[in-house]
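*Asks:* Sharing a structure, written as structure tokens. Questions coming.
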Amino acid sequence: MQTRQHTKNSPFDLANEAGYAAWRDQKLEDYPTSIEQLIVEINDPRRLTTAEAEALLTRARKTNMAIYAGSTGGDPDKAIPKSLGKQFGLTELDCNMGADDDGVTSLQVVEGKWRSSYIPYTNHPIHWHTDGYYNLPERQIRGLQLHCVSAAASGGENALLDHEIAYIHLRDSNPDYIRALMAATVMTIPPNNENGEQLRPARRGPVFSVLEDGSLHMRYTARTRSIEWSPDPLTQSAIKTLEAFLDSDTPYIYRDTLQPGQGLISNNVLHDRSGFDDDEEHTRQLYRLRYYQRMTATWNRVRYPWSYKSSCNPGGG
């Protein structure tokens, strides 16, 4: 699936100042300012009620994300997050290198295997990023779920920021920042080499782009070893402005430590993770599901149990 930089009459077209102003006002009107406003208490994620589904959609339409608090606790059944995602049109899973055969990635501390060299499988902090920023253009990650099976003894908090809010902050600071970050060569992801073997070549692309349906998409990582930015002064200033915003105490950044049975469903918003500590009774395990689709605008009631056919393509990241 290809992206395009601008859409006629899009608020993300820098020439459309009136359209942007109207979209911005609507976006910021009654925007939630606390994580509690994003949380929806539900019974079984596999069988949402109409009221539960609409409550999740209302939050996602506004902020590109929602937090569900379900009754399944530490049940490790992967059908729990999968069936929730399917009810919002999320079915095309990205089979990244760390995922299981079904496309679901189990995020937990792993010792003595190749995963231990990748930060998501350690207890170290993870800096701000969107998932799959290194993927091919036709395999961009547009939807993201996190589902908690068990929490750490301490730590493991996620910070969350709607990427459209980041766009607004940058465009209001200097519209030329957006022009720079929409350039096709603004960010280069170095190749991923392991034991002399190239697992993924270097890839270039924009930070912000406009998808076929007119929605805004973002690719980003704050990990300096994982990114090479264009050296021009405008790009460097834009990145510093974004970094300062991510490090600020703005109320638009939400913080939450997911507990068993809770999860995030989103359009791949910006997020990070604090470091954490496990003990003998508390071992952090989250399921991560990456999709090539955004959440649908309406709820799709599904019958459970249901057959799920993964569209994973190993090596396609």
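*Asks:* Highest mean first, what order results for 295-302, 61-68 on Cβ atoms within 10 Å?
*Replies:* On the way: 295-302: 14.5, 61-68: 21.8.
Output ranking for 295-302, 61-68: 61-68, 295-302.
*Asks:* I'd like the FRET efficiency for Arg204 and Asp13, computed as 1/(1 + (r/R0)^6) with the beta carbon distance as r and R0 of 22 Å, rounded to 0.05.
*Replies:* Numbers: r = 23 Å, r/R0 = 1.03.
Taking R0 as 22 Å, the efficiency between Arg204 and Asp13 is 0.45.
*Asks:* Below 8 Å, C-alpha to C-alpha, sequence gap of six or more: please give me the relative contact order for segment 185-291 in percent. Don't skip to the answer; put the middle values down first.
*Replies:* Working: 73 pairs, mean separation 19.1, N = 107.
Across segment 185-291, relative contact order equals 18 percent.
*Asks:* First check a/c for segment 76-170, with a ≥ b ≥ c the square roots of the eigenvalues of its C-alpha gyration tensor; if it is under 1.5, answer rounded, and if not, answer prolate when a/b is larger than b/c or oblate otherwise.
*Replies:* Details: a/c = 1.39, a/b = 1.13, b/c = 1.22.
Rounded, since a/c falls under 1.5.
*Asks:* In the chain, what percent of the accessible surface is made up of carbon and sulfur (1.4 Å probe, ligands and nucleic acids excluded)?
*Replies:* Details: 6750 of 14120 Å².
Carbon plus sulfur share of accessible area: 48 percent.
*Asks:* Continuing with the same structure: Starting from the 7 Å offset along Cα-to-Cβ, what nm value, one decimal, do you get for the label separation of Lys240 and Ala184?
*Replies:* The two pseudo-label positions are separated by 2.9 nm.
*Asks:* Also: Mind ranking 235-248, 126-139 by how tightly packed they are, going by the mean number of other C-beta atoms within 10 angstrom, highest first?
*Replies:* Working: 235-248: 16.1, 126-139: 18.6.
Highest mean packing first, the order is 126-139, 235-248.
*Asks:* Same structure, new question: In percent, how large is the relative contact order of segment 10-158, given Cα pairs closer than 8 Å and 6 or more residues apart?
*Replies:* Details: 121 pairs, mean separation 22.5, N = 149.
After rounding, I find 15 percent.
*Asks:* Right, another one. Normalised by the number of residues in the chain, what is the relative contact order in percent for Cα pairs under 8 Å and 6+ residues apart? Intermediate values should be presented prior to the final figure.
*Replies:* Details: 651 pairs, mean separation 108.4, N = 317.
Computed value for the chain: 34 percent relative contact order.
*Asks:* May I ask you to compute the full-extension gain from His282 to Asp77, defined as 0.36 nm times their residue separation minus their alpha-carbon distance, rounded to one decimal in nm? Can you show the working numbers first?
*Replies:* Working: separation 205, 0.36 × 205 = 73.80 nm, distance 1.84 nm.
Taking His282 through Asp77 to full extension adds about 72.0 nm, to one decimal.
*Asks:* If I take R0 = 41 Å and measure r between the Cβ atoms of Thr50 and Thr250 in this structure, what FRET efficiency does the formula 1/(1 + (r/R0)^6) give, to the nearest 0.05? Don't jump to the answer; show the numbers that get you there.
*Replies:* Values: r = 34 Å, r/R0 = 0.83.
Rounded to the nearest 0.05, the efficiency is 0.75.
*Asks:* If you don't mind, another one. When a/c is below 1.5 the answer is rounded, else prolate if a/b is larger than b/c, else oblate, so apply that to segment 151-262 with a ≥ b ≥ c taken from the square roots of the Cα gyration tensor eigenvalues.
*Replies:* On the way: a/c = 1.77, a/b = 1.11, b/c = 1.59.
Because a/c hits 1.5 or more and a/b fails to exceed b/c, segment 151-262 counts as oblate.
*Asks:* Let me ask something additional. Please state the shape class of segment 119-205: rounded when a/c is under 1.5, otherwise prolate if a/b exceeds b/c and oblate if not, all from the C-alpha gyration tensor.
*Replies:* Working: a/c = 2.24, a/b = 1.16, b/c = 1.93.
It comes out oblate by the Cα gyration axes.
*Asks:* Per residue, how much accessible area does segment 34-107 show when a 1.4 Å probe rolls over the protein heavy atoms, in square angstrom? Don't skip to the end; give the middle numbers.
*Replies:* On the way: 2560 Å² over 74 residues.
In whole numbers, segment 34-107 has 35 Å² accessible per residue.
The values are calculated or read from the model by the stated rules, or taken from the named source; none is laboratory data. Because the structure is a prediction, the values reported are computed rather than measured. Please note: Cβ atoms are built from the backbone with ideal geometry, for glycine as well, and neighbour counts cover all protein chains shown. Accessible surface areas use protein heavy atoms only, side chains included; no ligands, DNA or RNA. Shrake-Rupley method; radii C 1.70, N 1.55, O 1.52, S 1.80 Å.
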